[in-house]
Amino acid sequence: MTDSTMANFIGLSAVLTGFSAKILSPTLDPVDIKSEYLPFFTQAVTRESGNPDLVNTIFQTFASLKAQKLTDQQIGEAMLADSNGADFVIACRKLIFMWYAGAWPTLIPASDTAPANTVSDMISVKSYTTGLAWQVMQSHPMGDSNYRYGYWATAPAPLSDYTGNK
Amino acid sequence: MTANQEYDVVIVGSGIAGSIVAYQLGLQGKKVLILEAGQPVPVDRSGYMETFFKANAKTPESPYPPTVQNPSASTPDNPLGLPDPSQENVPRYTVLQIGPWRNPKQCYFTYSPQEPHLTGDSPRANFAFASSYERIGGGTTWHWLGTSLRLFPNDFELKTLYGQGVDWPGGKDFYQKLVPYYEKATNEIGVAGDKNAMDQLYAQFGVSPTGQYGSEYNYPMPGITESLVDQAYINSVTSITVDGNPVFVTPTPQGRNSLPGERRQCAGNTNCIPICPIQAKYDATVTLARALQTGNVDVWYRHVANNIRVDDSTAEITGIDYITYDTHGGIPTGSGTVSAKKYVLAAHAIETPKLLLMSNKNKNFPQGVANSSDQVGRNLMDHVMYLAWGLAKDPVFAYRGPLSTSGIESLRDGEFRKERSAYRIEIGNEGWQWAANDPFTTLADFVFGQNNSQLNGDSVNQQGQALRWDKNLPANSQLFGAQLVNTLNGIYTRQIRLGYLIEQLPDPENRVELSKTETDHLGLPRPKVTYRIQEDYVRNAFVSAKKVSTEIFNAIGATEYTKLPPAPVFYGTPAEVTATNFQYQGDNFTFYGAGHIVGTYRMGDTKEDSVLNARQQSWDHSNLFMVGSGVFPTVATGNPTLTIAALAFQAAEHILEDLKQVSA
């Protein structure tokens, strides 16, 4: 893994999740979930797509879009465009899910009796507690509160404090 | 392990009931041995927490051994990797087994087959039992919610007052005798409660705060702060009445610390079920530790009681046999028998009747111990639950605080109890976590363009309202970035959930028997369960709950998202049949379990229709007592644990009285 690979991984993750890179990869990062996610993401996408170049293609595509000084919205739309191919797009979408849920998703297509749905495997103890889903609801992971007694009677800090995007 | 010690009392089970009895006897210098089938109480709970964090399905049992799911064993017909109960030494029923209830390779219980030609609304339909329990040191209070309500005096006279079910032995007198023990239970658990709120509630039902509460009535800790979710209901629901009763919100007395003390102050982990990470919530390991500290109580873990011996001439219990093991799937490592003057069964309402029924080798008791009435295992009950969920009009910041801090208790009694079951309504703080497996379902919907939450498609609720979260977005939107953040935030912070705890009636056909075909890894028969909701009386409460939910959501300006369950399927492959779905009055319903397993060795006034007398003593064997919710004649209208605890304190006094007679 090179520094630029990690930089692209974090940059892309920030664009797609809507969370600041400072939240995903803080300067002081004792939890360091990114170092768990990048190899996990790389292996899972490579395995599922059967394409050993796909992850690199995704990061290079992101890097070239970033170099064009586009907005996050424009970069995200370009990354998720159908023209990138189905494997490329679903990998980017699974990246979003991974950051939010701390789990790796499997999509179950619709059947005669059930609509399309998603099941997922928790990646690790740490991934559960760092899931962004808990931050986007301005709360804490269930079972891992860092708040004090009675906090639930008053409104939380603004959403922007949790996402890092003012 | 050898038993050199002479014991006064042997107790089977180290949950709240067994631990309270052990503690009370140990304080009086009695020598007590607890046989616990499961693993020891861990030194700290970090191992349980790690198992919970890593679990894919965060069910009530998910932190506890033996593991209830193993992703590496996943197969197409067993996607969660449920263990085979025949390969476990102490299997138990888990909520993950409700779906595959007809598959004994995945489900610990076996079930009666359906009768032929049932229709969707047939009262004779069998269902999966919907509640679970633990077999570990400390028992099922590891994952209780903490709700510590007393039952009402009228709960003890359902038959006399309303012509339904049965009375408790002695009726209201039973309640009156229980009052001092309710106080002991409240103190042992360390309940945080708001006395003024309870006074107001009790006044509605004509219960006097003087006398009928007890002279010392109060709570050892101030009430737990109500949540912002509660605030959304408090002022708005009072416009509603239900069958003549006013609707108002009451803060729930709870077994969790509102102040620092012997245990930590609640930090609002929103995880009381399955596990409080900081033990701010009381659990029975607290009382078990107190019992052990008396110096008079021993506990033997991984000792599975498998037979009760009876003297052929006196009918007294003479010993309890056990089997030992080291690992969950390992071979038995030994066996033995322990004897004492008195015996107490405290193995909860499935394993206790199973043990009694397994003990069928005694000459004069071929139907099992304590079972001359043929009542052992019968009258299995739960609070059958109706769930309703919705989105508040403004953020209420769900997923914060204890799982529930308030409820609607004002509908628990009234003349309507002649026509339909009563219920209390629990107000959930956990968004749609229980109702819809959120945050994960809504997340997947907006990342992958699905619509299982009903928020991202063309879903319409049962009142005809369109449910798409953002009318400006197309159906099955796939979002990213700021739009995803704002969408998820808007939804999660508004999620609300109501749970109705509906009083099920005692039905002798609802029962625990021994499976004739399935065993566990020790070779012991597994429970065979028959479970129906036969009475219109109970089903009428589902109709009421559904209607009242809609009225409440309308009153607070919320949009209802309660999903209409699919129609029941009673015949087909194990994968095709439904587990808890039924039809009634043309509507589809599903029920959930409250975790309140009740009634399988009930007390009563006569030995013909009950297992125990009002002292919780076997009619058949005078030195055998039983404690826990299995003794309840009815499930009543409050969560059972405080009453279980009170009854355990009372039973301990009866046992002490009898031990005095032995020594005299």
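In this rough spin-label picture, where each label sits 7 Å from Cα along the Cβ direction, the B:Asp77-B:Asp311 distance is 5.3 nm. Setting aside same-chain residues fewer than 8 positions from A:Lys34, which lysines have a Cα under 19 Å from its Cα? Counting by Cα, and skipping residues close in sequence, A:Lys34 has these lysines nearby: A:Lys22, A:Lys94, A:Lys126, B:Lys54.
Per residue, the convex hull spanned by the Cα atoms of the stretch B:567-664 measures out at 161 cubic angstrom.
Its convex hull of Cα atoms gives the stretch B:456-609 a direction-averaged projected area, equal to a quarter of the hull surface, of 15.5 nm². In a reduced charge model with +1 at each Lys and Arg Cβ and -1 at each Asp and Glu Cβ, chain B shows a dipole moment near 540 debye about its Cα centre. Taking a ≥ b ≥ c as the square roots of the eigenvalues of the Cα gyration tensor, an a/c ratio of 1.5 or more together with a/b no larger than b/c marks the stretch B:287-343 as oblate. Can you flag which of B:Lys159/B:Lys607; B:Lys172/B:Lys363; B:Lys177/B:Lys342 are past 27 Å Cα-Cα? B:Lys172/B:Lys363, as the Cα separations exceed 27 Å there. If you take the Cα centroid of the stretch B:113-177 and the Cα centroid of the stretch B:391-454, the two points sit 22 Å apart. Averaging over all projection directions, the Cα-based convex hull of the stretch B:134-236 occupies 9.1 nm² in the image plane. Relative to the longest principal axis of the Cα atoms of chain A, the long axis of helix A:54-67 lies at roughly 80 degrees.
Does the stretch B:199-285 come out rounded, prolate or oblate by the C-alpha gyration tensor, with a ≥ b ≥ c the root eigenvalues, rounded set by a/c under 1.5 and, if not, prolate when a/b is larger than b/c and oblate if not? Oblate, since a/c reaches 1.5 and b/c is not below a/b.
P(r) tail, the stretch B:319-436: Cα-Cα pairs separated by more than 17 Å, 75% of all pairs.
Each peptide in B:328-336, B:390-398 gets a packing score, the mean of other Cβ atoms within 10 Å over its residues, and the list from highest to lowest is B:390-398, B:328-336. Stretching the chain fully between B:Asn235 and B:Lys393 yields a gain of 55.4 nm (0.36 nm per residue, less the alpha carbon separation).
P(r) for the protein assembly as shown, from all Cα pairs and a bin width of 20 Å, is 15, 48, 30, 6, 0 %, short bins first. Based only on Cα atoms, what mean projected area does the convex hull of chain B have, in nm²? That works out to 28.2 nm², a quarter of the Cα hull's surface.
The residues neighbouring B:Ala197, those whose beta-carbon lies less than 12 Å from its own, together hold a net charge of -4 under the Lys/Arg +1, Asp/Glu -1 convention. Could you calculate the FRET efficiency of A:Thr5 with A:Ala155 from 1/(1 + (r/R0)^6), where r is the beta carbon distance between them and R0 is 51 Å, rounded to 0.05? Plugging the Cβ-Cβ distance into 1/(1 + (r/R0)^6) gives 0.80.
Sorted largest first, the spans of the alpha carbon positions of the stretch B:423-519 along the three principal axes are 56, 34, 25 Å.
Remark: relative contact order (the stretch B:255-341) = 16 percent; criterion is Cα-Cα distance under 8 angstrom and separation of 6 or more residues. Pop the C-beta distance of B:Ser46 and A:Glu48 into the FRET formula with R0 = 35 Å and round what comes out to the nearest 0.05. Approximately 0.55, to the nearest 0.05. For B:Lys58, go through the aspartates and glutamates and keep the ones whose alpha-carbon is under 18 Å away, minus same-chain ones fewer than eight residues off. In chain and number order, the partners are A:Asp121, A:Asp144, B:Glu50, B:Glu134, B:Glu430, B:Asp438. Summarising the label geometry, the points placed 7 Å from Cα in the beta-carbon direction at A:Ser20 and A:Phe40 lie 2.5 nm from one another.
In terms of its C-alpha gyration tensor, the stretch B:159-198 has a prolate overall shape, because the principal axis ratio a/c (a ≥ b ≥ c, square roots of the eigenvalues) is not below 1.5 and a/b outweighs b/c. For the residue pairs B:Lys418/B:Lys528; A:Lys66/B:Lys471; B:Lys361/B:Lys528, the alpha carbons lie more than 28 Å apart in B:Lys418/B:Lys528; A:Lys66/B:Lys471.
Neighbouring Cβ atoms from other chains, within 10 Å of the Cβ of residues in B:384-397, number 1 on average. For the stretch A:27-93, the alpha-carbon coordinates run over 36, 31, 16 Å along the three principal axes, in decreasing order.
Straight-distance candidates among the aspartates and glutamates for linking to B:Lys341, with alpha-carbon spacing under 17 Å and chain neighbours fewer than 8 residues away dropped: B:Glu6, B:Asp8, B:Asp298, B:Asp311, B:Asp312, B:Glu316, B:Asp321, B:Asp620, B:Glu653, B:Glu657, B:Asp658. In this structure, A:Leu70 and B:Asp458 have a Cβ-Cβ separation that, at R0 = 25 Å, corresponds to a calculated FRET efficiency of about 0.15.
Across chain B, the mean sequence separation of Cα contacts (distance under 8 Å, 6 or more residues apart), normalised by length, yields a relative contact order of 21 percent.
If N is the number of residues in the stretch A:76-166, what value comes out of its Cα radius of gyration divided by 2.2 N^0.38 Å? Compactness ratio reported: 1.37. Length gained on full extension, B:Asn218 to B:His654, computed as 0.36 nm times the residue gap minus the Cα-Cα distance: 154.4 nm. Considering every Cα-Cα pair within chain A, what fraction, in whole percent, is farther apart than 18 Å? The proportion of pairs with Cα distances above 18 Å equals 63 percent.
Run the paramagnetic zone check for B:Glu115: 7 angstrom along Cα to Cβ, then residues of the stretch B:517-556 with backbone nitrogen under 15 Å. Counting backbone N atoms under 15 Å from the label point, the list is B:530-536. Taken about its Cα centre, the protein assembly as shown carries a charge dipole of roughly 620 debye when the Cβ of each Lys and Arg holds +1 and the Cβ of each Asp and Glu holds -1. Pairwise inverse Cα distances across the stretch B:516-595, averaged and inverted, put the Kirkwood hydrodynamic radius at 15.7 Å.
Every number here is computed from the coordinates shown, using simple stated rules; none is lab data. Given the structure is predicted, the values throughout are model-derived calculations rather than measurements. Here Cβ is always computed from backbone atoms with ideal geometry, including for glycine, and neighbour counts include all displayed protein chains.
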